1. Using alpha carbon centroids, what distance separates region 205-245 and region 108-186, in Å?
2. Testing the spin-label approximation: label points 7 Å from Cα along Cα→Cβ at residue 153 and residue 253. State their distance in nm.
3. Using Stokes-Einstein with the Kirkwood hydrodynamic radius over Cα pairs, what translational diffusion coefficient do you get for region 3-95 at 4 °C and a viscosity of 1.567 mPa s, in µm²/s rounded to a whole number?
4. Full-extension gain between residue 48 and residue 335, please, as 0.36 nm times their residue separation minus the C-alpha to C-alpha distance.
5. Straight-line reach from residue 140: which lysines have Cα under 23 Å away, leaving out those fewer than 8 places along the same chain?
6. For the chain, with a Gaussian network of springs between Cα atoms less than 10 Å apart, report the residue from 61, 96, 248 with the top mean-square fluctuation.
7. Where Rh denotes the Kirkwood radius from the mean inverse Cα pair distance, what is Rg over Rh for the chain?
8. Beta carbons within 10 angstrom, averaged per residue: use that to sort the peptides 236-243, 145-152, 349-356, 181-188, highest first.
Amino acid sequence: MLCHLDDTPIGVLNALQNGKTPNMDTEVVGGNEVPVARVHRLMPTPKNPIFATRTNALVQYCAERLLIPRLNVTPERIGVVLGSSNAGIEEFHSAYRDGPLAEEDWQRLEPGNVSASVADFLGVRGPVYTISTACSSAGKALVAAARLLEADVCDVVVAGGGDALCRFALEGFHALKLIDTERCEPFMINGGGINHGEGAALFVLTRRPARRGDIILSGYGETSDAHHTTTPDPSGTQAARAMQQALYMAGIQPTDVDYINMHGTGTDANDTMELNALITVFGTACPPCSSTKPFTGHCLGAAGAVEAAICVALLQADTDKLPQVTPFATPGGYKFINFCAKASRPVRCCMSNSFAFGGNNVSILLTRYD
């Protein structure tokens with residue numbers, strides 16, 4: 001996996017390393033003001049009205065910065081696989097209230113519209129599809145892209161994800177009593193909840209041999225709890241298995257991982273499950289880890305891509321200084337979890353976890369090739 005980064009993720013990484021969590025906006029949900037992480041940078045306007053959604057504007061902002069033209073690959077051998085949960089739900093609801101609905105309103109609602117918008121913008125004609133598995137969507141999109149390359153279906157795949165803030169999702173999480181009225185505190189196990197966010201991140205995955213300094217998608221694992229529609233299996237058995245699959249594929253030991261970007265939503269059920277899974281995989285030698293969601297909010301279908309971008313920026317920075325946004329208080333019973341803000345060496349291997357509704361788990365390993 002070869003990645004190009006502009007100054008945006010580098011600036012985000014610098015803020016994370018210095019513990020500078022920005023002010024959040026607020027939305028009223030269930031009569032309460034709740035924090036939300038909104039992108040304030042000016043976004044492009046998709047030219048085709050079929051693609052006129054906030055989510056598509058976020059992913060087009062990223063697509064404008066990709067280096068695909070330099071790769072000299074025919075459009076038929078370039079694919080697009082993105083993850084998205086909200087897609088154009090917000091715009092569809094607005095059109096539904098105003099009525100009557102037009103064909104393009106239905107097209108904006110489709111999750112496939114997100115990947116189609118990027119393919120249209122880039123002019124590529126390979127496989128194009130969207131994965132929509134809630135909060136694991138973008139992580140699974142990266143895995144799906146890698147499989148397209150392994151199967152020799154594509155030479156290049158644009159992968160990642162995007163999601164915009166959405167009232168439908170906010171109200172849904174409120175109905176589940178999972179929204180925090182304060183900034184979320186992952187792994188504090190204090191009865192809190194999540195903060196919604198929005199964002200996008202795109203990557204270029206290619207089959208060419210790795211060169212010094214490239215960031216490689218070196219391993220991945222996917223599993224399912226088959227436990228409950230919205231609540232994860234408390235044991236974390238299948239989440240642990242996803243991490244173990246990623247380590248096995250990469251051919252590395254748990255002690256080779258320098259940093260784990262945890263899913264860490266701030267909900268007790270999810271956070272406790274992930275802590276149990278980490279103990280299963282890493283035992284008493286857990287590498288430094290944190291959740292960056294107090295900084296970005298939970299970007300739902302885009303979360304795996306946004307957090308992978310943070311890991312890529314960390315790998316490219318050649319540093320031992322890690323994000324400092326998770327409270328450095330180890331919950332009772334989990335004394336082996338290492339919420340350290342500094343690695344023991346410059347980071348060369350990051351694990352990024354995404355765990356979704358339905359017990360849909362994905363873990364990826366990103367490695368710097370030196």
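1. When both Cα centres are located, 16 Å separates them.
2. According to this spin-label approximation, the distance is 3.7 nm.
3. Working: Rh = 16.5 Å.
Once the numbers are plugged in, D ends up at 78 µm²/s.
4. Details: separation 287, 0.36 × 287 = 103.32 nm, distance 5.32 nm.
Difference between extended and current length: 98.0 nm.
5. 293
6. Comparing 61, 96, 248 in a Gaussian network model of the chain, the most mobile one is 96.
7. Numbers: Rg = 19.2 Å, Rh = 20.3 Å.
Using Cα coordinates only, the ratio equals 0.95.
8. On the way: 236-243: 23.9, 145-152: 16.0, 349-356: 27.6, 181-188: 19.2.
Peptide ranking by packing, descending: 349-356, 236-243, 181-188, 145-152.
Since every read-out is calculated from the coordinates, none of them should be taken as a lab result. This one's a predicted model, so the numbers in the text were calculated from it and none came from an experiment. Cβ coordinates were reconstructed from backbone atoms using ideal geometry, including for glycine residues, and neighbour counts include every protein chain displayed.
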